[in-house]
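Remarks on the structure that follows.
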Amino acid sequence: MVKPLVYLDNAATTQKPQYVIDKTNNYYEKMNANIHRGVHALSQEATEAFESSRIIIKNFINALGKNEIIFTRGTTESINLVASSYGRKNIKEGDEIIISTMEHHSNIVPWQMLCAEKNAKLRVIPVNDEGEIIFEEFEKLINEKTKFVSIVYASNSLGTVNPVKKIIDLAHSYNIPVMLDAAQAVNHLKIDVQQLDCDFLAFSGHKLYGPTGIGILYGKVNHLEAMPPYQGGGDMISKVTFEETTYNELPHKFEAGTPDIAGAIGLGAAIEYIEKIGLENIAYHENLLLEYATKAVSDLQGLRIIGTAKEKIGVLSFHFENVHPHDVGTFLDFEGVAIRTGHHCTQPLMRRFNVPATSRASFGMYNTIEEVDVLVNGLKKILEVFG
Ligand code: PMP
């Protein structure tokens, strides 16, 4: 018998509300044209829808202007853009870049590549047994050689919410810019980039109930103005001759080629949808699910929760003493429960906690207490079979 789906893999990607699907389809059905180029009505309509999304996003994170909002393919591309453009221009031999042990590979590898190219050094803030950044170690790592800090706002593997404001304030006291990977934070926490005073911030549409293949880089306008383009091509230019090219103004300087127009419109729709419900209501609901689930699994024999920070988003990672996470995932799949098992693109973090992988249930706004019960009953059955 086919079981009803219990989808608890929201940290990997979220399901899309009908409103988002309709808005995305509507672009293809009713206004499909390229943007920023045509004088014809359809192109203008598409351009307006695309640019309206930029304003929705600007307001959502309280950026100063819409020229600080760059459409990218997602968090990964946003970080690569900063590492390539800002990094290549500003990082020199002997400089240091600080990240943390709990970074996603997309906030490790681009900096590692930059360090290799520039002969610079990657420094890593350790985490404690609860899965929290050890702030005193950050204070020790930061020095006159530090030229950039890039930190995850909320961890996809542990759920930890990092004290990013404190990190930014300390880094700024040394005049060091800070980038935040907000891939997991943006759908749980209200983000105000002016209040945070971060220099760059990245997130992906698909974790925010929006489409895949679209994401955002926020950057302070003074940084973005000073940075060279990331890619060359159409739309990012002002004038091209074979001798010389001048570049378009922000944000188009960083948006070479035809973007994911439908995706950008869909992302705007996702934010409208979320704002109607209220981010604080979503966070409240997910916290209830997390608390309930944490309590329920705590009694299970041989189960160790990985990530017990005081402040968490709705992510519950765990490891069974005698059952491999892949067996947990496969067994739960038979029960209709979708969770993620593996290293969650955080291999160094798995090593820190001495586990090959974890099983991770992550909650979204549509999940229910009854669904958590299905998960916990599934885990109990696993213990009967394997235990
Ligand atoms: N950072 C974090 C914390 C993430 O959870 C993810 C997605 N798992 C990424 C970065 C990368 O996001 P994307 O694959 O959408 O570029």
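The values are calculated or read from the model by the stated rules, or taken from the named source; none is laboratory data. Because the structure is predicted, anything quoted here is derived from the model rather than measured. No Cβ is skipped: glycine too gets one built from the backbone with ideal geometry, and neighbour counts run over all protein chains shown. Each accessible area value is taken on the protein alone, full model and side chains, heavy atoms only, with ligands, DNA and RNA left out. Shrake-Rupley method; radii C 1.70, N 1.55, O 1.52, S 1.80 Å.
I'd like to check something: does region 94-105 contain any residue that is touching a residue at least 24 places away in the same chain (Cβ under 8 Å), under 30 Å from Thr258 (Cβ atoms) and within 13 Å of the ligand (Cβ to nearest atom)?
Looking for residues that are touching a residue at least 24 places away in the same chain (Cβ under 8 Å), under 30 Å from Thr258 (Cβ atoms) and within 13 Å of the ligand (Cβ to nearest atom), one finds at least one in region 94-105, hence yes.
For region 146-160, check the following and say yes or no: at least one residue is within 16 Å of the ligand (Cβ to nearest atom), surrounded by fewer than 24 Cβ atoms within 10 Å (Cβ to Cβ) and not assigned by TED's automatic domain parsing to the domain that holds Ala12.
no
Do we find that Ala269 is open to solvent by less than 10 Å² (accessible area, probe 1.4 Å) and touching a helix residue (DSSP H, G or I) at 6+ places or on another chain (Cβ under 8 Å) in this structure?
Considered against the rule, which asks whether it is open to solvent by less than 10 Å² (accessible area, probe 1.4 Å) and touching a helix residue (DSSP H, G or I) at 6+ places or on another chain (Cβ under 8 Å), Ala269 comes out as yes.
Just to check your reading of the model, which residue among Ile79, Ile134 is without any contact (Cβ under 8 Å) to a residue 12 or more places away in the chain and in contact with a Pro (Cβ under 6 Å, 6 or more places away or on another chain)?
Testing whether each residue is without any contact (Cβ under 8 Å) to a residue 12 or more places away in the chain and in contact with a Pro (Cβ under 6 Å, 6 or more places away or on another chain) leaves just Ile134.
Picking from Arg340, Arg360, which residue would you name as being closer than 28 Å to Ile274 by Cα, within 23 Å of the chain's Cα centre (by Cα) and open to solvent by 10 Å² or more (accessible area, probe 1.4 Å)?
Answer to the selection: Arg340.
Please go through region 235-251 and pick out each residue that is touching a residue at least 40 places away in the same chain (Cβ under 8 Å) and open to solvent by less than 50 Å² (accessible area, probe 1.4 Å).
Asp235, Leu250, Pro251
Of everything in region 188-203 that's open to solvent by less than 10 Å² (accessible area, probe 1.4 Å) and under 21 Å from Pro17 (Cβ atoms), which residue is nearest to the ligand (Cβ to nearest atom)?
Out of the qualifying residues, it is Phe203.
When Cys345 is evaluated against the numbered criteria (1) over 19 Å from Asp9 (Cα atoms); (2) within 16 Å of the ligand (Cβ to nearest atom), which criterion, by number, is the only one it fails?
Condition (1) is where Cys345 drops out.
Is it the case, given these coordinates, that Glu335 is open to solvent by 30 Å² or more (accessible area, probe 1.4 Å) and under 26 Å from the mean Cα position of the chain (by Cα)?
no
Within region 110-133, can one find any residue that is near the ligand (Cβ under 10 Å from one of its atoms), outside any loop (DSSP other than H, G, I, E, B) and open to solvent by 10 Å² or more (accessible area, probe 1.4 Å)?
Within region 110-133 (the criterion being near the ligand (Cβ under 10 Å from one of its atoms), outside any loop (DSSP other than H, G, I, E, B) and open to solvent by 10 Å² or more (accessible area, probe 1.4 Å)), the answer is no, since none of the residues qualifies.
Say we look at region 171-183 and pick out the residues that are under 23 Å from the mean Cα position of the chain (by Cα) and away from the ligand (no atom under 11 Å from the Cβ); which of these is surrounded by the most Cβ atoms within 10 Å (Cβ to Cβ)?
Residue satisfying both the conditions and the ranking: Met179.
Determine which single condition Thr212 fails, assuming it passes every other condition in (1) open to solvent by less than 30 Å² (accessible area, probe 1.4 Å); (2) under 21 Å from the mean Cα position of the chain (by Cα).
All conditions are met except number (1).
Inspect region 283-296 for any residue being more than 19 Å from the chain's Cα centre (by Cα) and farther than 16 Å from Phe363 by Cβ and give the result as yes or no.
Checking region 283-296: not a single residue is more than 19 Å from the chain's Cα centre (by Cα) and farther than 16 Å from Phe363 by Cβ.
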